[in-house]
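The values are calculated or read from the model by the stated rules, or taken from the named source; none is laboratory data. As the structure is a prediction and not an experimental result, all values here were calculated from the model. Note that each Cβ is placed from the backbone with ideal geometry, even for glycine, and that neighbours are counted across all protein chains shown.
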Amino acid sequence: MIVTKEDWNKAHQAFLKKEKEHTRERDKLNAERRHLPMVEITKNYTFNGLKEQYSLLDLFAGKKQLIVYHFMFDPSWVEGCDGCSMMVDNIGHQAHLRARDTTLVLISRAPMEKIHPFKKRMEWTLPWYSSFNSDFNYDFGATTKQGEETHGYSVFLQDNNKVYHTYSTGARGVEYLGSNWSYLDITPMGRQEDWENSPTWVRKTPRYEWWKHHDKYTDSLS
C-alpha cells in the first residue's frame, strides 16, 4: 500500500508504540528469568578437547557464567548441522561476553576427530568440546533416549567451585539469540547494568560505560 508521508508517519508511530511495549514486556520476562531457582550439578562430566579432557567447571575458563550451545553433530555424521552452523555464524565477538564474566562454548556428541576439521573449515574460533564419553547431552536434552540430536542452550553459574544449572531453551527459543545482549539476557546475572531488576548479589555498573572496542578489554580473546 502506497501512502503519503504523513499517513506513513502515523502508521509507523502506532507500530513503534506496540514494539516498545513488546520490548518492555521482554525486559520483564528477562528479569523473571534472572530470579528463577537453580539446581546444583553434582554429576561429574568429562569433555574432550583437541588434546586434553575437561570438567564442566573447566569450561567456565575462570568466569562466573557459562553458556553452552548444544550443537547438533551426531558421531555418525560427516559434518555438523547446517542450522546450528548458521547459528554460530551469527555469534558476535566473545570479548564482550567475557567482559561481563561470561563464557560461551559449543558442545557436541561427535568426537573431536570430526569436530576439529569441521571447525577449521568453518573458520570458527569459539571453544568447542566433545561430550562423546559422557551423559551430558542426554542429561540436558541435547540427545534423546532414542539417540536423536537436538539443538538448544543451557546456562550455568559457578560459585566457590560449585556449578548450578540456571536455564535451558530449545527449538524456537534459540531464534532471537546471536547478539551479546540476547546471550546476557538468558543468564542469571543479565547485562549487569544499573537499570535491570536483578538478584541482589549481582554487581551492576552504569549502562553503556562498560562497552569497549573488543581489543580494549583487559580480558579479551584477541
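The table for this structure:
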{"quantity": "Top-ranked residue in the range 19-31 [being within 18 Å of the chain's Cα centre (by Cα) and of a type in the set (D, E, K, R); ranked as farthest from residue 197 (Cα to Cα)]", "calculated": "26"}
{"quantity": "Qualifying residue in the range 118-125 (condition: under 20 Å from residue 34 (Cβ atoms) and not in a strand (DSSP E or B))", "calculated": "no"}
{"quantity": "Checklist (1) closer than 30 Å to residue 144 by Cα; (2) buried (at least 16 other Cβ atoms within 10 Å of the Cβ) applied to residue 176, failing item", "calculated": "(2)"}
{"quantity": "Single residue of 93, 70, 22 found to be over 23 Å from residue 162 (Cα atoms) and in the same structural domain as residue 200 (by TED's automatic domain parsing)", "calculated": "93"}
{"quantity": "Selected residue [in contact (Cβ under 8 Å) with a residue 40 or more places away in the chain, part of a strand (DSSP E or B) and under 19 Å from residue 64 (Cβ atoms)] from 166, 187", "calculated": "166"}
{"quantity": "Single residue of the range 123-173 satisfying the filter (loosely packed, with under 15 Cβ neighbours inside 10 Å and touching an Asp or Glu at 6+ places or on another chain (Cβ under 9 Å)) that is modelled with the highest pLDDT", "calculated": "162"}
{"quantity": "Hits in the range 16-64 - residues which are of a type in the set (A, V, I, L, M) and in a loop (DSSP other than H, G, I, E, B)", "calculated": "36, 38, 41, 50, 56, 57, 61"}
{"quantity": "From the options 136, 132, 118, 140, residue that is within 21 Å of residue 75 (Cα to Cα) and in contact with a Gly (Cβ under 6 Å, 6 or more places away or on another chain)", "calculated": "118"}
{"quantity": "Long-range neighbours under 6 Å by Cβ, at least six apart or interchain, first residue in a loop (DSSP other than H, G, I, E, B) within the range 85-102, second aliphatic (A, V, I, L, M)", "calculated": "100/184"}
{"quantity": "Residue 54 vs. criteria of a type outside the set (Asp, Glu) and in contact with a Leu (Cβ under 7 Å, 6 or more places away or on another chain)", "calculated": "no"}
{"quantity": "Count of the range 32-91 residues which are β-branched (Val, Ile, Thr) and within 24 Å of residue 192 (Cβ to Cβ)", "calculated": "5"}
{"quantity": "Exclusive hit being in contact (Cβ under 8 Å) with a residue 60 or more places away in the chain, among the hydrophobic types (A, V, I, L, M, F, W, C), within 15 Å of residue 152 (Cα to Cα) and surrounded by 20 or more Cβ atoms within 10 Å (Cβ to Cβ), set 56, 106, 66", "calculated": "66"}
